[in-house]
Amino acid sequence: MSKSFRDNPVLGSPLLNRMGLHAVRLVTAHALNRLRLFTLAPLVPAEYRREYRRNGFVVIENFLATEEFAALEAQLRDCKGEVRECIQGDTLTHRILLDEDNLELMPACRALVEDKRYERLLKYCAARLKRPLYYVQSIKNGFVTGNSDPQKVLHSDTFHSSMKAWYFIDDVDADRGPFTYVPGSHRLTWKRLKWEYRRSIIGRDLKDGYSEKGSMRADPEDLVDMDLPGPRALMVPRNTLVVADTHGFHCRGSAAPGASRLEIWAYSRTNPFNPLPGLGLRVFSRIEHYLARKYWVWQDERAAKRNGQSSWHLVPTAKMGEKPRPLAPDASS
Ligand SMILES: O=C(O)CCC(=O)C(=O)O
Ligand SMILES: [Fe+2]
């Protein structure tokens, strides 16, 4: 769904936003999300629904039995499949799309994504019945020389609810950039609505690189303005599942250079103006995977013509488990 104030002259119009365009989009999207969540309530036990509605995230430790976790970990430490890399500041993200071919190569991953508890919780939190996209993901902090990682600044991904989930294979302590969330910041309170309204009027002129594209950054004063508590870093042991509504303010915590985090990452975003949760047909996922791969190849070809590399470029599979090399002496400056 279109969200950029800068690139969309209608959504970015100061006049229309002064008249309430952004605010109306927010209120409508939130009301319809509540309706879809209500429809999907039977999928998930009441305690998780309450936690998600109250905080905007759910944390489940010891998600898999010890032997299941061990099998999954062994498979992920020796990953198969095509790895794509994205460089953001000094941080690398490596991802393997878990489509049918890769699930065939990694049956322990299939066992997780077909685990009904996992699938139903993610679908409920996404308020959508279509399967989320699943990836093996490794976040490698300070593996390259660059500016700071933009994911480490507190932000809301978009104006409406969307679901992301992390099933951690590594212990996530303070050094490994723990997922960090402002509890309750997914709710559309009157103060949040006023903050969003004011921001939307100047949205297209904001210059932090993200807010103007519709992913609002928030600093500590903004949180005070919205009566929100401080961010909570979710330092959790391996074998923990975290599911979050990334409309709420969140970021990746700061990390020690060279620290990495391995996880199964899932993502689902819906049309926020659709009142229905849709269908869960597998064929939709197959089409989505096919289109994603085509898109990446098209981006590779375009980048090659400029003698560059696409933002999600291919790297050898062995890079997934790679340890950091010593950085250049100026890397930390
Ligand atoms: O990796 C993380 O902990 C959070 C990154 C983030 O902001 C996102 O995936 O939307
Ligand atoms: Fe985010």
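Just so it is clear, none of the values below were taken in a lab; they were calculated from the coordinates. None of the values given here were measured: they were computed from a predicted structure. In this analysis, Cβ positions are derived from the backbone assuming ideal geometry, glycine residues included, and neighbour counts consider all displayed protein chains.
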(message) If the elastic network links every pair of Cα atoms under 10 Å, which of P107, P272, P231 fluctuates the most in the Gaussian network model of the chain?
(response) P107
(request) Taking every pair of alpha-carbon atoms in the range 1-158, give the share separated by more than 27 Å as a whole percent. (result) 46 percent
(request) Quick one: grab Rg to one decimal and Dmax as a whole number for the chain, Cα atoms only, in Å. (result) 19.8, 59
(message) How big is the dipole moment of the chain about its Cα centre under a simple scheme where the beta carbon of each Lys and Arg is +1, that of each Asp and Glu is -1, and everything else is neutral? Debye, nearest 20, please.
(response) 1280 debye
(request) Note the full-extension length gain between K194 and T145 as 0.36 nm times their separation in residues minus their Cα-Cα distance, in nm to one decimal. (result) 13.7 nm
(message) Counting just the Cα atoms, what span does the range 209-333 cover along each of its three principal axes? Round to the nearest Å and put the largest first.
(response) 54, 48, 36
(request) List the residues whose amide H sits under 5 Å from the amide H of D149, counting only those 5 or more places along or on another chain, with H placed 1.01 Å from N in the peptide plane. (result) D90
(message) Can you give me the Rg/Rh ratio for the range 138-198, using Cα atoms for both radii and the Kirkwood formula for Rh?
(response) 1.03
(request) Using only the C-alpha atoms of the range 176-254, find the volume of their convex hull and express it per residue in Å³. (result) 100 Å³
(message) Please compute the alpha carbon radius of gyration of the range 1-90, then divide it by the globular-protein estimate 2.2 N^0.38 Å. Two decimals is fine.
(response) 1.72
(message) Output needed for the range 116-252: three equivalent-ellipsoid semi-axes, defined as square roots of 5 times the C-alpha gyration tensor eigenvalues, in descending order, whole Å.
(response) 25, 20, 15
(request) Compute the distribution of all C-alpha to C-alpha distances in the range 48-114, in bins of 5 Å from 0, and list the percent of pairs in each, rounded to whole numbers. (result) 3, 14, 17, 16, 16, 19, 13, 3
(request) Would you calculate, for the chain, the mean residue ellipticity at 222 nm contributed by helices, counting each DSSP H stretch of 4 or more residues as -39,500 (n - 2.57) and dividing by all residues, to the nearest 500? (result) -10500 deg cm²/dmol
(message) Which residue fluctuates most in the GNM of the chain (Cα springs below 10 Å): D171, D219, D99?
(response) D219
(request) May I ask for log10 I(q)/I(0) of the range 270-310 at q = 0.19, 0.20, 0.32 Å⁻¹, from a Debye sum over the Cα atoms as equal point scatterers with solvent left out? (result) -0.68, -0.70, -0.98
(request) Apply the membrane-span-like helix rule to the chain: whole DSSP H runs, Cα extent along the own long axis of at least 20 Å, mean Kyte-Doolittle hydropathy at least -0.5. List the helices found. (result) 21-40
(message) Less than 20 Å apart at the alpha-carbon level, and either on another chain or at least 8 residues along: which lysines does that give for K305?
(response) K294
